[in-house]
Amino acid sequence: MRGDSLDALIFRKGEYAADPPLPWKKRLEIAVKILEGIRYLQEEIEGETSVIHVDLKPENILMDEELNPYMADFGAAVTIEKGNINATTKKKKFLGTFGYMDPAIANNGSVTLGMDVFSFGSILLDLVMRRDLQPKKMEPMITLDYVSRIMDPSLIADQVPLEEVTEVVELVSRCRMEAREINQATGEQT
């Protein structure tokens, strides 16, 4: 393992400080591998339970030499009944990171399968924007103008088609909507 986090890679900190911004294709490859990890924890892990990371964010994703992501810091993770979208659990002391969790769920301490879905959407947004500050609210209508205002300028310089970036930003919005639907299915108000 190279030892640094996705956060350091996206925002060019630590070992990555002198590196150029990540190419678009590599950002997408990393996102797909993170999603595969979430799916494994929620659906494919052996046994009767699914694992919810709870604090999934770029700082908790370590990168190896080939820039493969590995989820780390499972200290806040919980398990719930596998295959039950309505499963929920409460944590006595809620751990998580603002910007990477649905604020309504964070406020009441409930943990659902939707938490890591919401977090994944936020990580995707980091990969698109490459800025430390995420917008608190997504615009309801994802337009090319909106995407061109929030996207990493290096993507424009690399001539990444705006339509491709727009599709990813729309996926961010869908992740957040799906997380809220899962949370509402559990009886939690978001």
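Among the residues making up region 132-165, a single one is part of a helix (DSSP H, G or I), polar (S, T, N, Q) and modelled with pLDDT under 90: S148. Of the residues screened, L9 is one that is within 25 Å of D152 (Cα to Cα), touching a strand residue (DSSP E or B) at 6+ places or on another chain (Cβ under 6 Å) and in a helix (DSSP H, G or I).
Yes or no, residue by residue, for (1) small (G, A, S); (2) free of Cβ contacts under 8 Å to residues at least 24 places away in the same chain:
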site	(1), (2)
I10	no, no
E15	no, yes
A18	yes, yes
H53	no, no
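For region 1-56, a tally of residues being in contact with a Ser or Thr (Cβ under 8 Å, 6 or more places away or on another chain) and surrounded by fewer than 13 Cβ atoms within 10 Å (Cβ to Cβ) returns 2. Taken over region 25-40, the criterion of being touching a residue at least 40 places away in the same chain (Cβ under 8 Å) and farther than 18 Å from T166 by Cβ is satisfied by K26, I30, I34, L35, I38. From the list A31, A72, the one residue that fits, being farther than 24 Å from R174 by Cα and at pLDDT 80 or above, is A72.
The values are calculated or read from the model by the stated rules, or taken from the named source; none is laboratory data. Given the structure is predicted, the values throughout are model-derived calculations rather than measurements. Ideal geometry is used to build each Cβ from the backbone, glycine not excepted, and the neighbour counts take in all protein chains shown.
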